[in-house]
Amino acid sequence: MVAASQKIIISGYYGFRNSGDEAVLQSILNALQKHSLASGTVIEPVVLSIDPEWTAATYGVKAVHRMKLSEVRSAISESAGLISGGGSLLQDVTGSKSIPYYLGIIKLAQWMGKPTFIYAQGIGPVNRKLFHPLIKAVFRKCSYISVRDEQSRDLLQSMGLAGNKIDVVPDPVMGLSLPEDGQGSSTEAGGESSPQKTPLSRPDLPVVGVSVRFWEQSREELDAVADALLQASARTPLHVRFLPFHHPSDHEPSRYIMEKLEKGMSQNGGVISICEDAEHPQQMLREVGTCDVLIGMRLHSLIYAAGRRVPLIGISYDPKIDHFLERVGCQPIGDTTSLDGGKLAAEVLQLLESGDEWKREREPLIASLVQEAEAPARQIIEYFRRKG
């Protein structure tokens, strides 16, 4: 007798073409599929997306428009439960609307009597204190809570939630793999089926991946990155490969630096390129895997690098960067207000020289994070197995 499938709603920042958040979704889908198959539990994910047609086509799942309340309400009412996460959903740095939206979706499911699960979220910063009791009230009624760092658990505890009911787990993306890894995937990742270097006019050049975003109005952090790359390339020719993680907003800061590099890099025998078409997270994961070193502002560029064992250099603009770097035994090279181009250049050259040592030192840490990344999926599938 085949068990009936159970619909599970997945709420997050999906359909916006942000590679990091799309990777979170892919990772959650992969982990749920793996553990549901292992337990004999049949689930049917339904994703709340700003672009449901794109999400459905990209991941091979059902999707509904996240801003159409009637569709969301109908989907939740037909579901067995709701997952909120992962990513930095409950924070008010980028605006005051995110927290009410995501809490509202969870609360709607709770009103309908559905179990709700917090999946490896990064909580905060939450600067508006009026949100604290709201988060506490909603989270107290969740069936399972997991966060991606100790600081998120500390923040929830400061709001009055019991710390022993909050699991600290790695970001889901630490568990993201490629089909060529032999672990399979729930969807078609696109591209080649075997690892390959990024096409180069000089295939002997070391590849330095760069993931940047606009943050400081002065662009001082981008100027410092450009200065660092020019200094490093003066010592050894490089292929600098720009990896925009959020389409299309990261293209402009990438090109801002590229323009500053063009003349100097050419004189130094280097190459500059940009990856403009890797919208599927596993395509970008493959791109990151071709790098010899990665410089990252975007959190998930650093997580991709760690997962692919690529030596990484983090530039901090948000506490979440520092928290992740700490978990893999690293520190930020600087923050966006005080980034030293000379220091960054020296670190690039050092990692190009001693990358194997960097990997050996961190392999136990990274392997542990990869294994632990699926813990929330195991807990959620076990919940439904017991209820079934």
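State whether the range 207-369 is rounded, prolate or oblate according to the following rule on the C-alpha gyration tensor (a ≥ b ≥ c being the square roots of its eigenvalues): a/c under 1.5 gives rounded; otherwise a/b larger than b/c gives prolate, and the remaining case gives oblate. Could the numbers behind the result be given before it?
Details: a/c = 1.34, a/b = 1.25, b/c = 1.07.
Since a/c stays below 1.5, the shape of the range 207-369 is classed as rounded.
Distance between the C-alpha centers of the range 65-114 and the range 206-233? Whole Å please.
36
Computing the accessible area with a 1.4 Å probe over protein heavy atoms, can you report the carbon and sulfur percentage for the range 37-80? Spell out each step's value before the answer.
Working: 1210 of 2110 Å².
Taking all protein chains in place, the range 37-80 shows 57 percent carbon and sulfur surface.
Roll a 1.4 angstrom probe over the protein heavy atoms and tell me the percent of accessible area of the range 197-282 that is carbon or sulfur. Walk me through the intermediate numbers first.
Working: 1740 of 3810 Å².
The C+S portion of the solvent-accessible surface of the range 197-282 is 46 percent.
Express the accessible area of the chain per residue in Å², computed with a 1.4 Å probe while the remaining protein chains stay in the model. Don't skip to the end; give the middle numbers.
On the way: 16220 Å² over 388 residues.
Value returned for the chain: 42 Å² of accessible area per residue.
How much FRET efficiency would the formula 1/(1 + (r/R0)^6) give for Ser368 and Lys263, where r is the Cβ-Cβ distance and R0 is 45 Å, rounded to 0.05?
On the way: r = 45 Å, r/R0 = 0.99.
According to the calculation, E is roughly 0.50.
State whether the chain is rounded, prolate or oblate according to the following rule on the C-alpha gyration tensor (a ≥ b ≥ c being the square roots of its eigenvalues): a/c under 1.5 gives rounded; otherwise a/b larger than b/c gives prolate, and the remaining case gives oblate.
Numbers: a/c = 1.95, a/b = 1.64, b/c = 1.19.
It is prolate, given that a/c is not under 1.5 and a/b is the larger ratio.
The values are calculated or read from the model by the stated rules, or taken from the named source; none is laboratory data. All values derive from a computational prediction rather than experimental measurement. We place every Cβ from the backbone using ideal geometry, glycine too, and count neighbours over all the protein chains shown. Ligands, DNA and RNA are excluded from the accessible area calculation, which covers all protein heavy atoms including side chains. Shrake-Rupley method; radii C 1.70, N 1.55, O 1.52, S 1.80 Å.
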